[in-house]
1. Return the residue satisfying two criteria in turn: it lies in the range 118-141 and is more than 17 Å from the chain's Cα centre (by Cα) and more than 21 Å from residue 168 (Cβ to Cβ), and of such residues it is surrounded by the most Cβ atoms within 10 Å (Cβ to Cβ).
2. Which members of the range 41-78 meet the condition of being in contact (Cβ under 8 Å) with a residue 40 or more places away in the chain, assigned to a strand (DSSP E or B) and in contact with a helix residue (DSSP H, G or I) (Cβ under 9 Å, 6 or more places away or on another chain)?
3. Name the single residue that is surrounded by the most Cβ atoms within 10 Å (Cβ to Cβ) among those in the range 202-226 being assigned to a loop (DSSP other than H, G, I, E, B) and in contact with a strand residue (DSSP E or B) (Cβ under 7 Å, 6 or more places away or on another chain).
4. Within the range 143-167, restricting attention to residues that are more than 19 Å from the chain's Cα centre (by Cα) and closer than 19 Å to residue 311 by Cβ, which residue is surrounded by the most Cβ atoms within 10 Å (Cβ to Cβ)?
5. If you check residue 272 against the conditions, is it assigned to a loop (DSSP other than H, G, I, E, B), under 23 Å from the mean Cα position of the chain (by Cα) and at pLDDT 90 or above?
6. Let me confirm something: among 229, 189, which residue is touching a residue at least 60 places away in the same chain (Cβ under 8 Å), under 23 Å from residue 130 (Cβ atoms), within 27 Å of the chain's Cα centre (by Cα) and surrounded by fewer than 16 Cβ atoms within 10 Å (Cβ to Cβ)?
7. State whether one or more residues within the range 256-264 are in contact with a helix residue (DSSP H, G or I) (Cβ under 9 Å, 6 or more places away or on another chain) and either within 25 Å of residue 327 (Cα to Cα) or surrounded by fewer than 19 Cβ atoms within 10 Å (Cβ to Cβ) (or both).
8. Can residue 263 be described as in contact with a strand residue (DSSP E or B) (Cβ under 7 Å, 6 or more places away or on another chain), part of a strand (DSSP E or B), without any contact (Cβ under 8 Å) to a residue 60 or more places away in the chain and closer than 21 Å to residue 140 by Cβ?
């Protein structure tokens, strides 16, 4: 008998068990649903994860809530041309994005991480729907993050983790569709938008800048984020008196060159300039109180382009963004953000003292502060919004004076409700 005729006693087969994507999905749902034990199951027949009502011998996953806060129960989204707003279930979704910039900053990186080896295929499908919808038939107006605070029905899948807010032109109806449903209904990958015509009033306007003797990586990233938020508008950058100042043109074409030391220029062209901006976004709380987040603005860039309203959405989408954009300063910004979101150790959203970060650390690392009582905070913050450019929440002036680096964090706004009225507070107020 030769060695070539020998066969192993048993054939080796790949294990039928959850992989990274399945386990990551379990972690995503454990982060989304707070305060309730979750029991996950795996079907060897389908290779899919699911949620079970009972333990069935499996240990539960339990994530406590960060704080008791006003609960968002509904977000009504409306665009021009729709006969009625689309009511989004505040428990079934946890974040909403209605600009190309916000989708690229927050949603795409999260899905790229969660998809693992399938990231290119999944993001290709989502991108084809978000950018390549057949505009004569349907318009995709926003994307909803569907890791909500209620358990999903049926097998868990990444396809069901995102919802497309669609305006069906034949019926003038807004509808929330899953990615699978959208692909089965419409042909994706259609021709993209076209360049916009020149604007009649082509004044180039200076905006608030960044103090910078030399432009380092963090300020350069801030400038890139600014250009992304100014989608469809050409931006000049000047550097005088140790300040990097952006000058914004009204359209994609370079306007009048600023009378200052120009060091760079850039533009991010809107992929779908035909995408309708929301005419109204109304938030409803469990108490029945409503807040008009967006109300028919003259300029869509003066209002938020994204909203986050659960612990899971803030931790999974906002924190990675700040960890990326702020470099070595990220721990400080993240601690301030979470401290104000959670009202950790009584840090109110209007706190402007940098020492707030030190106070918040005592809550998140109690072993360093044994005198801190470990109990669930009560926070007035019900949502966080993101503005494409920050200075519109200052004095309302189109021409802003150079401000501190921290003041530019007015692009991140904390929305509060104290039982009697609504307020908004920038992450930093300069």
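1. Looking at the filtered set, the residue picked out is 122.
2. If the condition is that a residue be in contact (Cβ under 8 Å) with a residue 40 or more places away in the chain, assigned to a strand (DSSP E or B) and in contact with a helix residue (DSSP H, G or I) (Cβ under 9 Å, 6 or more places away or on another chain), then 48, 49, 51 are the ones that fit.
3. This residue is 209.
4. 152
5. Considered against the rule, which asks whether it is assigned to a loop (DSSP other than H, G, I, E, B), under 23 Å from the mean Cα position of the chain (by Cα) and at pLDDT 90 or above, residue 272 comes out as yes.
6. Only one candidate qualifies: 189.
7. Yes - at least one qualifying residue is present in the range 256-264.
8. Judged against the criteria, residue 263 is not a match.
The values are calculated or read from the model by the stated rules, or taken from the named source; none is laboratory data. Keep in mind that what you see is a predicted model, and the values were worked out from it rather than measured. FYI the Cβ positions are ideal-geometry reconstructions off the backbone, even for glycines, and counts take in every protein chain you see.
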